[in-house]
Amino acid sequence: MGWIGETVDSIKSIQIRQLFTQAISLGMIVTSALIIWKALMCVTGSESPVVVVLSGSMEPGFKRGDILFLHMSKDPIRAGEIVVFNVDGRDIPIVHRVIKVHERENTGDVDVLTKGDNNYGDDRLLYAEGQLWLHRHHIMGRAVGFLPYVGWVTIIMTEKPIIKYILIGALGLLVITSKD
Amino acid sequence: MHSFGYRANALLTFAVTALAFVCAISSFSDKFSNQNPSVEIQILNINRFKKQSHGNDEVSLTLDINADLQSLFTWNTKQVFVFVAAEYETPKNSLNQVSLWDAIIPAKEHAKFRIQVSNKYRFIDQGQNLRGKEFNLTLHWHVMPKTGKMFADKIVTSGYSLPDAYR
């Protein structure tokens, strides 16, 4: 019966104030990360200011696991720019280079054709059924800078979700058991 | 304050910060490089110039490209992507850019070259506006760094024109 007494004692010794302080600091960390992310979205004008390269279609320039910084401005889209776009009906964005541009005289609407540097043919096979060109509203941003290898963390967490759970579990345990 | 966990944490944070700082500086050093590339493009031959079955003009031509892009390479350069685009205006479109040929230059030694090549990608207009059309051939390059900001620029060479009649 002694161990029941010990357990009850240890539960009583967890001070409520300390627990709340730790919970609030954890909440602050998560919230400031969210604030930084939203601020980046504002500054770069793009819905997702950072993307991870998932395929090898832009090698040797961008390898799988690199991250790209995006920026979207009102400047017209020109050949040679590396753009990130979403095809209607697909949720994974694609990062390829613009090879053809046809811009309308009056409205400024533009027809764009893209191709991955490492692919043999252009992207018409990737576009939606019957779609020959991309338009401005498909494009989420232009790639302006990049960091190699950093994106592997995201790829591993997406492809093996068990690692994500283990990581979150370990972090949670660390927060609860740390003494300050 | 001296447990293994704290020490590992402090070391890791410092390492990541230092790495990020070095990446930022190496990208910044690209601003100080002196760049003066040069290029000369000639059209050797117009191989084919016809109207497609669905009504758009198509041209096939052979280009002679003589370029020296060695000054674009810095120690932070991974590769230079270079392409030649034909740029012209039509009544319906204020700007058309059609990429005719591209290549990846992986190192400084390969950056000075002269090649004769026919267009890698089809030169197709939106319409039938290409007879007698004057156009520019612009060499664009895109410097992709080992880390950091990417730079792109171009050299415009003008004065090229297509024949007045289909062949």
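Counting other Cβ atoms within 10 Å, which GluC sites (Glu not before Pro) in the stretch A:99-131 have at most 15 and lie in a DSSP loop?
When the GluC sites (Glu not before Pro) of the stretch A:99-131 are filtered for loop state and at most 15 Cβ neighbours within 10 Å, A:GLU105, A:GLU129 remain.
For chain A, take the longest principal axis of its alpha carbons; what is the angle in degrees between that and the long axis of helix A:16-44, to the nearest 10 within 0 to 90?
Taking Cα atoms only, the helix is inclined about 10 degrees.
If you average the sequence gap of Cα pairs under 8 Å that are 6 or more apart and divide by the length of chain B, what percent do you get for the contact order?
RCO, chain B: 24 percent.
Can you give the longest run of chain A that contains no trypsin sites (Lys or Arg not before Pro) sitting in a DSSP loop with at most 13 other Cβ atoms inside 10 Å?
For trypsin sites (Lys or Arg not before Pro) (loop position, at most 13 other Cβ atoms within 10 Å), the longest site-free span of chain A is A:91-178.
Please give the FRET efficiency for B:TRP75 paired with A:ARG64, using the beta carbon to beta carbon distance and R0 = 30 Å, rounded to the nearest 0.05.
Step by step, r from the Cβ atoms, then E = 0.75.
Cα-Cα pairs above 20 Å in the stretch A:1-128: how many percent?
That fraction is 63 percent.
How shielded is B:146-154 by partner chains, expressed as the average number of their Cβ atoms within 10 Å of its Cβ atoms?
4
So how far apart, in nm, are the two label points at B:THR13 and A:MET157 if each is 7 Å from Cα heading toward Cβ?
Result for the modelled spin labels: 1.9 nm.
Over all directions, how big on average is the projection of the convex hull of the alpha-carbon atoms in the stretch B:110-167, in square nanometres?
The directionally averaged projection comes out at 6.3 nm².
For the protein assembly as shown, with every protein chain kept in place, what is the accessible area per residue (1.4 Å probe, Å²)?
59
What's the longest bit of chain B with no exposed chymotrypsin sites (Phe, Trp or Tyr not before Pro), using DSSP loop states and at most 16 other Cβ atoms within 10 Å as the test?
Counting at most 16 other Cβ atoms within 10 Å as exposed, the longest clean stretch of chain B is B:76-165.
Please give the total accessible area that chains B and A bury against each other, computed with a 1.4 Å probe and expressed in Å² to the nearest 100.
Roughly 2500 Å² of accessible surface disappears when B and A pair.
Considering the dipole of chain B built from charges on the beta carbon (Lys and Arg +1, Asp and Glu -1) around the Cα centre, which of B:ILE124, B:GLY5, B:VAL39 is farthest to its positive end?
Going by the charge dipole, the pick is B:GLY5.
Ignoring ligands, DNA and RNA, what percent of the 1.4 Å accessible area of chain A is carbon and sulfur?
Of the solvent-accessible surface of chain A, carbon and sulfur hold 67 percent.
Run through the stretch B:66-163 and list the GluC sites (Glu not before Pro) located in a DSSP loop whose Cβ has at most 12 other Cβ atoms within 10 Å.
Sparse-neighbourhood loop GluC sites (Glu not before Pro): none present.
If you bin the C-alpha pair distances of the stretch B:33-161 every 10 Å from 0, what whole percents do you get?
12, 41, 28, 15, 3
Run the Debye formula on the Cα coordinates of the protein assembly as shown, all scatterers equal and no solvent, and tell me log10 I(q)/I(0) at q = 0.09, 0.12 1/Å.
Taken in order of the listed q values, log10 I(q)/I(0) reads -0.62, -0.96.
Can you work out the PRE-style zone for B:LYS108? Point 7 Å along Cα to Cβ, and I want the residues of the stretch B:21-43 with backbone N under 20 Å.
The answer is B:26-39, whose backbone nitrogens lie closer than 20 Å to the label point.
Excluding residues on the same chain fewer than 8 positions from A:LYS63, give the lysines whose Cα lies under 19 Å from its Cα.
A:LYS115, B:LYS78, B:LYS146, B:LYS149
Under a crude label model (7 Å from the Cα following the beta-carbon direction), how far is B:ALA165 from A:SER48 in nanometres?
Here the answer is 5.5 nm between the modelled labels.
Calculate the length of the line joining the C-alpha centroid of the stretch B:75-90 to that of the stretch A:119-154, in whole Å.
Using only Cα atoms to place each centre, the spacing works out to 18 Å.
For chain A, what does the relative contact order come out to in percent, with C-alpha contacts under 8 Å and a separation of six or more?
Once normalised by length, the contact order is 22 percent.
The values are calculated or read from the model by the stated rules, or taken from the named source; none is laboratory data. Being a predicted model, the structure only gives us computed values, none of them experimental. As a convention, Cβ positions derive from the backbone with ideal geometry for all residues, glycine included, and neighbour counts pool all protein chains shown. Side chains included, ligands, DNA and RNA excluded: accessible areas come from the protein's heavy atoms. Shrake-Rupley method; radii C 1.70, N 1.55, O 1.52, S 1.80 Å.
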